[in-house]
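Read the structure below first, then the notes.
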Amino acid sequence: MGIVNVTPDSFSDGGRWDTTERAVAHGRTLLAEGADILDIGGESTRPGATRPLVAEELDRVVPVIRELASGGAVVSVDTMRAEVAEASLAAGARIVNDVSGGLADPRILEVVAASDASYVAMHWRAHADRMRDFTDYAPDGVVASVRRELAERLDAAEAAGIARERIVLDPGLGFAKEPHHNWELLTHLDVLVDLGCPLLVGASRKSFLGALLAADGAARPVDDREHAHAALVALLAGRSVDVLRVHDVRATRDALAVAEAMGVRREGEPNLLTHRSDEG
């Protein structure tokens, strides 16, 4: 899943693809590099970010989705808003990637249920401007807490009418989590796989990688974390991860090719998300 941030303030590439023309061109580049899915987002969820108006988010994502989907790409919309999800599905999106798992706008579950789209529910506790206040996972620990809270979101999605086979779960790396929480989750992904849904992991360029690579007390800059992410991808290749949400598609494909050559990764049947875009 290649990331296309149509935003001025995303943590990694805010402002680089913030017009329809640049975003579409970047999406086509990611497809050429091997992306199966393009995830189009119009709201930054970096720590401390403020939310755009609904009209702003619609103006950012809908034209990009329409253009890329009309060219045959499998498009996901990265949104927490029912109104944006509805307009994006009408424009050709086939996946709704909701980082709030339906908590920010419960009506989004009804919108997805009324369509044939897939739904990604991420572990989430609060909006970006407040999520640093919700990193306490006592007494059960982060793995058990995330599993329980994701199971609640899975139940809510099914209760709204979204069939389980259309639901993908995401542990929400970096969202209301300290660096060590992310490593604990990555080490125990099998606990989340036991919930019975495909798993999406989005670790690309995130702050816990920057913290790992810190020098002299300063985190490694965002644009200099890709080597660590590629190493993580290679390690995840042998795990039950169905979708990788990434900024650098080429580096990710290279890491997966190495893992496959070493026998770590075996190509299997594509699930509801991981089919190549040129196969419809």
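Values quoted throughout were computed directly from the atomic coordinates according to the rules given, and no laboratory measurement underlies them. Bear in mind the structure is a predicted one, so any value in this text is a computation, not a measurement. Don't worry about glycine lacking a Cβ; one is built from the backbone with ideal geometry, like all the others, and counts go over all protein chains shown.
Figures for the structure shown
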| item | result |
| --- | --- |
| Extension reserve of the residue 135-residue 156 stretch, reckoned as 0.36 nm per residue once the Cα distance is removed | 5.3 nm |
| Neighbour-count ranking [beta-carbon atoms within 10 angstrom, fewest first] of 206, 177 | 206, 177 |
| Assigned charges on the beta-carbon of Lys, Arg, Asp, Glu; the range 1-146 dipole about Cα centre (debye) | 120 debye |
| Net charge dipole size for the range 159-202 [Lys, Arg +1 and Asp, Glu -1 on Cβ; Debye, nearest 20] | 180 debye |
| Cβ-placed point charges (K, R +1; D, E -1), dipole of the chain about Cα centre in debye, nearest 20 | 300 debye |
| Neighbour-count ranking [beta-carbon atoms within 10 angstrom, fewest first] of 262, 1 | 262, 1 |
| Under 5 Å, built H, 5+ apart or other chain: amide partners of residue 168 | 119, 120, 121 |
